[in-house]
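Comments concern the structure below.
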Amino acid sequence: MTGTSLIAAPAISPSLDEAARRFAAKRRRSLYVGALIFAGLAALPYAIRDVYLQNVLVLTLLYAALSQSWNILGGYCGQISLGHALYFGIGAYATSILFVNYGVSPWLGLGLGAVLAASIALAIGWPCFRLGGHYFSIATIVIAEAGLLLMQNWDFVGGAMGVQWPFNPDSWATLQFARDKIPHAHLALGLLVGTWLVTFVVAESRWGYGWRAVKDDPAAAQSLGVEVFRSKMAAAAISAFFTAVGGGLYASYVSYIDPESVMSFRFSLLFALPAVLGGVGTLWGALVGAAILIPITEISRSYLGGTGSGIDLIFYGGLVMVVAIARPEGVLSLFKRTRAARNEEV
Amino acid sequence: MSTDPSGPILRVDDVTLAFGGLVANRDVTLDVRRGEILGLIGPNGAGKSTLFNLISGVYRPSKGRILFEGTDITRLPPAERCRRGIARTFQVPRSFDSMNVLENVTVGALARHPNAASARRAALDTLERVELTHRAEAVAGELTPPEKRRLEVARALATGPRLLLLDEVLTGLTPSEAKAGVALIRRVAAMGVTVIMVEHVMEVVMPLVDRAVVLHLGSVLAQGLPAEVVRDDGVITAYLGERHRAA
Ligand SMILES: Nc1ncnc2c1ncn2[C@@H]1O[C@H](COP(=O)(O)OP(=O)(O)OP(=O)(O)O)[C@@H](O)[C@H]1O
Ligand SMILES: [Mg+2]
C-alpha cells in the first residue's frame, strides 16, 4: 500500500494529461497513414495491367505479410527463427489436403492450418525457448529441415510428388482463380492488413512491451515482472498462426505444392529478410523490405533462371551483410534519422 | 496469510550459495525491518550482488530460506517476486537499449497496471519523481552512465515495490549527482518503501542508512547501527582499513 502511494500522484498533473493526449493523437495518425497506404495498395492491381507484374505484386504483398508475421517473433520478441518455412508448409499442406482430399473449404483450411501451426510452434517452443539466443535459431533450422524430410517421405500428403489442386471455375468459395491475379492480390493484402493491425495493437499492449523487454534484456525483463518464457511462447504462436495462413493462401494461389516449393530453407530466409532489410521490430519495416527485395528477387530470377542454382541465396546473404554493416536498423531508419535531424534544428 | 505487520519485511534464513567450489554466500542470516534503509557493505567479491540475486530470484540457494512478508519465496521465479513487491536495480545497468526511457519505465509499470495506457501515465509520473522527464523520449542506449542508473531506479520504482534493492546506484556519480541520488533514496524511503542498498563510498552510505550489514567472503561479518559497524574491529581489518580506525 505504501509502495503504491509513491506512484499514485496526489493529483494528475496537466502535463501528464497533455502527454497522454499527444500519444493518442500520434497513434491515430499512424492508423490514418496505414489506412491511406493500404487503400492505395488495394487500388494498385487495377493500375497494373501486365500479368507478370501483377504476379510480382501478389508475391510482394504476400511476403510483406509473412515477414510481418515473422517480425512478431523475430523483430519484437527477438527470437530469430530461421525455420518459419515449417509453418508456411503446414498452412499450405493443411489447406491443400483438406480441400483436395476431403472437400473442406479452403477458408476453413486456412484457419485449421493456422491453429495447427500455432500448436506446433508451442510444442517446439517448450524445449527450445530454454535455449540461449543462437541455439534457438539453429534449432529452428534443424526442425524445419526435419519437417521438409518428413513431408517428402509421407505418402499421405503426396510425398515428393506434392498435391495438385483440381481445376475448378473461378470462385471466392474455393479461392481458385485461373487467370485473374487481382483476387489474390487482395487476399494477400488482407493478410498484410491483418498482421499489421495485430502488430499495431499488440505493440502497445502488455505483450508488446514484454516482448521488446525480452528482446533487449531478458534478465532485466523478468526482474520487472515480465514472464519471459510465456512471452516467447505467445509471440511464437501468433507468428506461426499468420505464417500458416500465408502458406494456405500461397497454395491456393499456385494450385500446386510439393515439399520443396513451400518448405525449403529459402522460404525461411525470405520471411526474415524483408523485416531485417526494412527495419526489425518496426511497423512498416516488413512492407518496405518486401517492396525492395521481392521485385528484385522475382525479376532477377527470370534472368538468372530457376531457384535451384543457389545464386539467389548468395544474393540474400550478401544483402544481409550490406544492411548489417551499413544500416543495422534497416532502411526505415534512414527516414527516422532525417526526422530526428529536422527536430534538432527546430 | 500469516503476514505479521510488525515482523521483518524480509528474512534471509541461513542461506548458502556456491558457484562450483566458490561459496559466494555462506550461512547468511539477516532480517530487514519494514521501512528501514539497510546498507549492505563489504569488499569486492564479498557476495553482495549474489545476495541480491538470491532475494530477487535470479538464483536459488543451495541451502536456507528466504521469506518476504512472512511467506516463503525461496522457490518463486523472479517475475513473481516482482509482482509480490520486490524490485531491484543491477550493478551494471541493464536498460532496454532499443526502447526510449519512457518505454523502459512503462515495462516496469505494467507489473501493476492492467494496460499500457495507464502504465504509461504511471511511468511518466515516476519519471517526474526521479527527475528524468526531460529524457523521456531519449533512446535508453544513448543515456550517460549516471542517467542509466537513474533509469534503473525509475524502472524498479514503477513496479510499485515494497522492498527495493539498489546495487551501487550512487557509484560513479559526481558529488552533486550523488547528493541528488541520496535525496531520491530518502524520498523513496519516506514513502514507506524498504530499501537495501549496496554501496562502497562510506561517506555516502553511512549517514543515509538506518542499519548496516557487512558481508565478507560470503558471510555476515557484522551488523548494527552504522556508528557501531564502523567501529567494529573485524570490519576495520577486513574492509575499512586503518584510515577508519584513526577517524
Ligand atoms: N554467476 C557466477 N558464477 C561464478 N561465480 C560468480 C558468479 N557470480 C558471482 N560469482 C563470484 O561470487 C563472488 C561474489 O560475487 P558478488 O558479485 O556477489 O560480489 P560483490 O560483493 O557484489 O562484489 P562487488 O563489490 O565487486 O560488486 C565473487 O567471487 C564472484 O566472482
Ligand atoms: Mg556487486
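Could you check how many residues of the stretch B:69-93 are within 16 Å of ligand 1 (Cβ to nearest atom) and either among the hydroxyl-bearing types (Ser, Thr, Tyr) or part of a helix (DSSP H, G or I) (or both)?
2
Hey, can you tell me all the residues within the stretch A:188-230 that are hydroxyl-bearing (Ser, Thr, Tyr) and facing chain B (nearest Cβ under 10 Å)?
A:SER205, A:TYR209, A:SER223
Any chance you could count how many residues in the stretch A:81-107 are open to solvent by 70 Å² or more (accessible area, probe 1.4 Å) and farther than 14 Å from A:PHE242 by Cα?
The qualifying residues number 2.
Give me a count of the residues in the stretch B:114-156 that are more than 9 Å from chain A (Cβ to nearest Cβ), assigned to a helix (DSSP H, G or I) and crowded, with 17+ Cβ neighbours inside 10 Å.
11
Of the residues B:LEU170, B:LEU163, B:LEU240, only one is out of contact with any Gly (no Cβ under 9 Å at 6 or more places or on another chain) and hydrophobic (A, V, I, L, M, F, W, C); which?
Details: B:LEU170 fails: out of contact with any Gly (no Cβ under 9 Å at 6 or more places or on another chain); B:LEU163 fails: out of contact with any Gly (no Cβ under 9 Å at 6 or more places or on another chain).
Just one listed residue meets the conditions, B:LEU240.
Among the residues in the stretch B:45-67, are any under 30 Å from B:LEU124 (Cα atoms) and in a strand (DSSP E or B)?
no
Working only within the stretch B:195-211, note down all residues that are within 14 Å of ligand 1 (Cβ to nearest atom) and at pLDDT 95 or above.
B:ILE196, B:MET197, B:VAL198 - these are the residues of the stretch B:195-211 that are within 14 Å of ligand 1 (Cβ to nearest atom) and at pLDDT 95 or above.
Is there any pair with a first residue in the stretch B:53-65 that is on the phi > 0 side of the Ramachandran plot and a second that is more than 14 Å from ligand 1 (Cβ to nearest atom) and not hydroxyl-bearing (Ser, Thr, Tyr) whose Cβ atoms are under 7 Å apart and which are 6 or more apart or on different chains, and what are they?
As it stands, the answer is B:GLY57/B:LEU76; B:GLY57/B:PRO77; B:GLY57/B:PRO78; B:GLY57/B:ARG81; B:GLY64/B:ASP13; B:GLY64/B:ASP14, since those pairs meet every condition given.
A:ALA221 is checked against (1) open to solvent by 10 Å² or more (accessible area, probe 1.4 Å); (2) more than 20 Å from A:SER255 (Cβ to Cβ) and fails just one. What number does that condition carry?
Of (1) open to solvent by 10 Å² or more (accessible area, probe 1.4 Å); (2) more than 20 Å from A:SER255 (Cβ to Cβ), only one is false for A:ALA221: (1).
Answer with yes or no whether A:VAL33 is more than 19 Å from the chain's Cα centre (by Cα), at pLDDT 95 or above and surrounded by 12 or more Cβ atoms within 10 Å (Cβ to Cβ).
So A:VAL33 fits the description; yes.
Search the stretch B:74-113 for residues being more than 7 Å from every other protein chain (Cβ to nearest Cβ) and touching a Pro at 6+ places or on another chain (Cβ under 8 Å), and hand back the single one that is surrounded by the fewest Cβ atoms within 10 Å (Cβ to Cβ).
Per the stated criteria, the residue is B:THR74.
List the number of the failed condition for A:ARG179; all other conditions in (1) more than 20 Å from the chain's Cα centre (by Cα); (2) modelled with pLDDT of 90 or more; (3) open to solvent by 50 Å² or more (accessible area, probe 1.4 Å) hold.
Only one criterion is unmet by A:ARG179, namely (2).
Would you point out the residue of the stretch B:38-68, among those that are hydrophobic (A, V, I, L, M, F, W, C), under 15 Å from the mean Cα position of the chain (by Cα) and away from chain A (no Cβ under 14 Å), that is farthest from ligand 1 (Cβ to nearest atom)?
Ranking the qualifying residues of the stretch B:38-68, first place goes to B:LEU38.
Scan (1) part of a helix (DSSP H, G or I); (2) open to solvent by 20 Å² or more (accessible area, probe 1.4 Å) for the single condition A:PHE167 breaks and write down its number.
(1)
Any residue in the stretch B:222-238 that's closer than 17 Å to B:LYS48 by Cβ and among the hydrophobic types (A, V, I, L, M, F, W, C): show its pairings with residues that are in a helix (DSSP H, G or I) and open to solvent by 40 Å² or more (accessible area, probe 1.4 Å) at Cβ separation under 6 Å, as long as the two are six or more apart or on different chains.
From the stretch B:222-238, no pairs qualify.
Among (1) away from ligand 2 (no atom under 16 Å from the Cβ); (2) farther than 19 Å from B:LEU221 by Cα, which single condition is B:THR89 missing?
Failing condition for B:THR89: (1).
So, in the stretch B:1-37, exactly how many residues are more than 12 Å from ligand 1 (Cβ to nearest atom) and part of a loop (DSSP other than H, G, I, E, B)?
Here is the first cut: in the stretch B:1-37, the residues more than 12 Å from ligand 1 (Cβ to nearest atom) are B:1-16, B:27, B:29-37.
After this cut, where a residue has to be part of a loop (DSSP other than H, G, I, E, B) as well, the list is B:1-9, B:33-36.
Total satisfying the criteria: 13.
On the given criteria, is B:THR71 open to solvent by less than 10 Å² (accessible area, probe 1.4 Å) and either closer than 22 Å to B:GLU36 by Cα or more than 16 Å from ligand 2 (Cβ to nearest atom) (or both)?
Numbers: open to solvent by less than 10 Å² (accessible area, probe 1.4 Å): no; either closer than 22 Å to B:GLU36 by Cα or more than 16 Å from ligand 2 (Cβ to nearest atom) (or both): yes.
No.
The values are calculated or read from the model by the stated rules, or taken from the named source; none is laboratory data. Nothing here was measured: the structure is a model prediction, and the numbers come from that model. All Cβ positions, glycine included, derive from the backbone under ideal geometry; neighbour counts span all protein chains shown. Just so you know, the surface numbers come from the protein's heavy atoms only, side chains and all, with ligands and any DNA or RNA stripped out. Shrake-Rupley method; radii C 1.70, N 1.55, O 1.52, S 1.80 Å.
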